[in-house]
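The values are calculated or read from the model by the stated rules, or taken from the named source; none is laboratory data. Remember, it's a predicted structure, so these values are computed and weren't measured experimentally. When we count neighbours, we look across all protein chains shown, and the Cβ atoms used for this are built from the backbone with ideal geometry, even at glycine.
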Amino acid sequence: MSREWAFQGLQCTECRTVYPNREIFQKCLKCGGLLDTIINPEILKEISKDDLDHTQSMWRYKVFLPVDEKDKIVTAGEGNTPLRKLNSFQGNVWVKDETKNPTGTFKDRGASLAVTVLSALGVKRLVLSSEGNAGCSFGLYSHIADLGCQVFLPHQSNPAKVELSRKLGATVTLVGGTIADAGRRAEALAKREGSYNASTFVTPYRHDGKGTMALEICEQLAWRVPDYVVYPVGGGVGLVGMWKMFSTLEKIGWVNKRPRFIAVQPDGCAPVVKAYNSKRDDVDEWKDPKTIAFGLRIPKPLAGKWILRCLRESDGIALLVTDEEIRKSMGQALKNEGLLLEPSSAATIAALHHLYGEKMIDRSAEVILIATGSGLKTLEQF
Ligand SMILES: Cc1ncc(COP(=O)(O)O)c(C=O)c1O
Ligand SMILES: [Zn+2]
């Protein structure tokens, strides 16, 4: 392709400083704000749907991603996951089945993108904090790209996540406390040894990977946009990434609207739901987080303001579910639909009961649940 490439740099989400695209960045050097990638819609307007890559993975949408045309893609066939109708609900509900990704979760999308960008920029060693799934994903892609990978996990992480991260070649350290404590360890080590911190939003190269779910959903619906997307919010990577991608698609005229987002959190750790429903523009730290949905046990997401902004722009809804409802939904999804979900993921099914039961949405509305992760790594929680 000889046309100009859409990825044109990075921009601070706070002070708006712009950075060039072929250097290694973490957060804003001026104010410490989170960086977003600049994907220029004017350039994307020049391409047509027929120009999309024929690869059967998320890399079909490479032109929408913050990579250079010549970068060597680090891939294991992530993305291109099924979108299927759920029959056990009276309604128009589809599930985006992210459990079909290489390590069983949507985290593979962000890791495939981040490792592609970082290895092309010459990074040799990654450090990150994770509740477990991102550890597996970065373990896999770091192995493929021959990068070192050190993961800090909270000690309560599901044993299969710890084990799989190790089997994939990551060095895993279990840390007392929550993911926030694991995050401090990752930051300290990155500083000490000069390695790259690939933790959620400490790197600007993950959310666009999860954004490819929005592209796939639209294409799978023959470029129709659903009315609602139900998303279990932890660090908010997928919500921010998908909202950005739906917005880009609307700007370039491939679709004619954007969906409303429904953010779901467990009532034992719900900093985003609390802030959104009290009309705040930043999140407070959740004290003493307790939930079986470990992926959502994020007491203070770094991207709090950004998540809230996306939710507001989408005229979104923020909902609480209980652990009990999550547990019930896991059984239901498995037995009625053959969907083996981990608790964080089953939170969307629990939310659907509220959405219909309390008549927050109409049964004719088209709803997509993001089934973020497989229950195979969390069998002990069934
Ligand atoms: C299964 C699962 N669902 C949802 C989430 C939350 O994802 P995000 O950080 O994109 O909000 C996580 C994060 O760890 C997860 O593992
Ligand atoms: Zn800044």
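Contact map, the range 130-150: first residue in contact (Cβ under 8 Å) with a residue 60 or more places away in the chain and crowded, with 24+ Cβ neighbours inside 10 Å, second residue among the aromatic types (Phe, Trp, Tyr) and assigned to a strand (DSSP E or B), Cβ cut-off under 8 Å, separation 6 or more or different chains; pairs are SER130/PHE152. When you check THR291 against the structure, is it among the hydroxyl-bearing types (Ser, Thr, Tyr) and closer than 24 Å to PHE201 by Cβ, yes or no? Yes, satisfied. Being more than 16 Å from the chain's Cα centre (by Cα), at pLDDT 95 or above and within 15 Å of ligand 1 (Cβ to nearest atom) holds for only one residue in ASN158, ASN197, and it is ASN158.
In this structure, SER247 does satisfy being among the small types (Gly, Ala, Ser), assigned by TED's automatic domain parsing to the domain that holds ALA347, in contact with a helix residue (DSSP H, G or I) (Cβ under 9 Å, 6 or more places away or on another chain) and more than 16 Å from ligand 1 (Cβ to nearest atom). Here ASP281 clears all of (1) of a type in the set (Asp, Glu); (2) over 20 Å from the mean Cα position of the chain (by Cα); (3) closer than 23 Å to CYS136 by Cβ except the condition numbered (3).
Taking residues in the range 22-38 that are under 11 Å from PRO204 (Cα atoms), and partners anywhere that are away from ligand 2 (no atom under 11 Å from the Cβ) and small (Gly, Ala, Ser), the pairs with Cβ atoms closer than 9 Å and at least 6 places apart or on different chains are ILE24/GLY122; GLN26/ALA190; LEU34/ALA303; THR37/GLY9; ILE38/ALA6; ILE38/GLY9. For LYS161, the test of being over 22 Å from VAL117 (Cα atoms) and in contact with a Cys (Cβ under 8 Å, 6 or more places away or on another chain) is passed.
GLU42 fulfils the conditions (1) more than 16 Å from ligand 2 (Cβ to nearest atom); (2) farther than 22 Å from PRO259 by Cβ; (3) touching a residue at least 40 places away in the same chain (Cβ under 8 Å); (4) of a type in the set (D, E, K, R) except for a single criterion, (3).
For the range 336-359, a tally of residues being surrounded by fewer than 15 Cβ atoms within 10 Å (Cβ to Cβ) and of a type in the set (A, V, I, L, M) returns 0. Being modelled with pLDDT of 95 or more and touching a strand residue (DSSP E or B) at 6+ places or on another chain (Cβ under 6 Å) is the filter; apply it to the range 13-24 and report the residue that is nearest to ligand 2 (Cβ to nearest atom). By that ranking, first place goes to THR13. Cβ separations smaller than 7 Å between residues 6+ apart or across chains give the following pairs from the range 87-110 residues that are at pLDDT below 95 to residues that are more than 16 Å from ligand 2 (Cβ to nearest atom) and part of a loop (DSSP other than H, G, I, E, B): GLN90/ARG363; GLY91/ARG363.
Considering each of THR103, THR81 in turn, give the residue that is part of a loop (DSSP other than H, G, I, E, B), β-branched (Val, Ile, Thr) and out of contact with any Lys or Arg (no Cβ under 6 Å at 6 or more places or on another chain). After ruling out the rest, the residue left standing is THR103. In summary, TRP5 fulfils each of the numbered conditions (1) part of a loop (DSSP other than H, G, I, E, B); (2) within 16 Å of ligand 2 (Cβ to nearest atom) with the single exception of condition (2).
GLY169 satisfies every condition listed in (1) modelled with pLDDT under 95; (2) assigned to a loop (DSSP other than H, G, I, E, B) except (1).
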